[in-house]
1. How many angstrom separate the Cα center of region 21-36 from the Cα center of region 594-655?
2. Quick check: the distance between the Cα centres of region 189-263 and region 293-343, to the nearest angstrom?
3. State the dimensionless ratio Rg/Rh of region 18-93 (Rg: radius of gyration of Cα atoms; Rh: Kirkwood radius).
4. What's the percent breakdown of Cα-Cα distances in region 534-610 across 10 Å bins, shortest bin first?
5. Please list E75, E351 from largest to smallest accessible area, probe radius 1.4 Å, with all protein chains kept in place.
6. Provide K596, K644 ordered by accessible surface of protein heavy atoms (probe 1.4 Å), highest first.
7. Got a number for carbon plus sulfur as a percent of region 184-259's accessible area, 1.4 Å probe?
8. Compute the separation of the alpha-carbon centres of region 511-548 and region 409-475 and state it in Å as a whole number.
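The values are calculated or read from the model by the stated rules, or taken from the named source; none is laboratory data. A quick note: this is a predicted structure, and the numbers were derived from the prediction, not measured. Methodologically, a virtual Cβ is constructed for each residue, glycine included, from the backbone with ideal geometry; neighbour enumeration extends over all protein chains shown. Ligands, DNA and RNA are stripped out before the accessible areas are found, and what is left, the full protein with its side chains, is counted by its heavy atoms. Shrake-Rupley method; radii C 1.70, N 1.55, O 1.52, S 1.80 Å.
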Amino acid sequence: MANAIRALAMDAVEQAKSGHPGLPMGAADIATVLFSRFLKFDPADPAWPDRDRFVLSAGHGSMLLYALLHLTGYEAMTIGEIKRFRQFGSLTPGHPEYGHTPGVETTTGPLGQGLANAVGMAIAERHLAAEFGGDIVDHFTYVLTSDGDLMEGISQEAIALAGHLRLKKLIVLFDDNGISIDGPLALADSVDQVKRFEAAGWTATRIDGHDPAAIAAALETAKKSERPSMIACRTIIGFGAPTKAGSEKSHGSALGAEEIAGARQKLGWTAPAFEIPAAIRAQWRTAGERGRPLRLAWQARLAAIDPAKRVEFTRRTQGALPADKLTAAVRSLKKNLAEAPKEIATRSASEFALETLTVALPEMVGGSADLTGSNNTRTKAMKAMSAADYSGRFIHYGVREHGMAAAMNGMSLHGGIIPYSGTFLVFSDYCRPAIRLAALMGRRVIHVMTHDSIGLGEDGPTHQPVEHLAALRAIPNLKVFRPCDAVETIECWQLALQSENGPSVLALTRQNLPQLRLGPDEENRCARGAYELVPAEGGDAAVSLFATGSEVAIAVAARKLLAASGIPARVVSVPCFELLFAAPEAERAAIIGKTKVNIAVEAGMRQGWDAITGSAGVFVGMTGFGASAPYKELYQHFGVTPEKVADAALTRLKS
Ligand SMILES: Cc1ncc(C[n+]2csc(CCOP(=O)(O)OP(=O)(O)O)c2C)c(N)n1
């Protein structure tokens, strides 16, 4: 059975003339034992909520997964798809892509991410089991990792968090082949991975990864462990290849006809390319059918639980929002602000919103990378999640931004949870690879990122984001929200929650801001990405002032100065570029308007703004790094002030 995986991997890579045969050939025995005897799955229902998850963290070994999906009977994964490995539009892209290929649990390729996603999946499993009961939620999360996964820094964050939370249903199979691209691992690494995992609170063991009995025994033991488990499986990369096995030469290129012929001989595999002998195919099909009765039994258990609980479980796992509750929550929050306006930081406005939103949406699971008191992401009622109580809805991620963001992706992929986080905006750099994957996979994860500009003041340039808004806006399918006051903060939260098919970042201030949206207003004015907050007075607008977040108040003050000079100016708040750019052309043109002078105000870099102001527009913001000082002084020093904005408008009007 394992040789069927090896043959398909060799043949598909050969046909594509590119790909990675080494890992599938080396890890074939591990995968065969796992898929034929342990993994709870049903190819007829790839999204069954209580299936075991299998994450191929070493995504370059994608042919391992595609071969398994084909052999166990995932209908879509035909031999034709295997033959079209790495071709445009096939179900067999170079690296596994979530949402593209049924049976692929997460997009992997950037090493380390899959392992950290799996930690999130295992957290989600424990949390939902605590909430809905072990009858309905009770599955394992298995991960296949490579040396590369374990060398990446993110793996340390993931391993430490999993060990701390004692995620006993997480089992890592380490393809311990001692080879990476450059050659033997000894060139760059000498970590004892078993000791490393043990130090992080895992059960860890070392076995022969080509001995099915040893693999099965280790998995049996791991399933009974009270801690997460790591099984280091000593394997030979490219197992079976006569001259390239055990060498980096089998890692990432086609083996060549001669080597493949030699491997067939060595493995005793006589079938032609892409053909699987009937008896072996039948064994694999039997392996694929094991899960059906388990799924049916689970469905019967689900049908037998309290109907209200079943409805809620189904809603949660399908990712459907409780629309009425969300609308009511937003309405009451906005009513409250209309009656008693608040001059608060948007991070505090976010906390104010969360107090109500997290009650309306029990699927929200919050957290912070050790900045809870600064990010304001923990509400009064939220219990911390811990190994002793997985029902807690607040995760103290520790100082692990990257691991946090990747675990959130895993929670979202698992289903049943809308994860949101907290850190400083400047540390979005530490989350970026995972945010990019959330965007690529179209997952609803929400990052609360506070201290969003020089407005944080005395912590200085190391902590003051300047290029981060532009850098985040450059990620496709990511919504970057920068609300200007408490009302916009609520509206942006609503939009982030409703953003079913993509992640969001909420960039929030440390410093207090005036409430600019006054009076009752049920419309979500942030929904179009930008809107005229204050119209021009005393004639048609000669100047449009565009701003986000804390700089909107500066634009409003500049408008007043211009009015005093007899210049009518309008202020457009731009809480979300992505939504504005997604609006129909005519609507976008109307919002942007056609005044003689366009000025953008943002305490960040100019990059990206020309799409709104035009290249002839004026930008008032940052041109380099910030400095350490009280924030009001910094705004003066860097010239992000109403006076500078008004001066710029007057100068431009005269030219
Ligand atoms: C973050 C990241 N950096 C670099 C790469 C490129 N890359 C792909 S596989 C690999 C290492 C291969 O070694 P290993 O993980 O042991 O896999 P094996 O050779 O056993 O297949 C590298 C550096 C990547 N995919 N992701």
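1. First find each Cα centre; the distance between them is then 58 Å.
2. Taking the Cα centre of each part, region 189-263 and region 293-343 sit 42 Å apart.
3. Here Rg/Rh amounts to 0.95.
4. Values per bin, smallest distances first: 19, 51, 27, 3.
5. Greatest to least solvent exposure: E75, E351.
6. K596, K644
7. Reported share for carbon and sulfur atoms: 54 percent.
8. So the separation of the two Cα centres works out to 25 Å.
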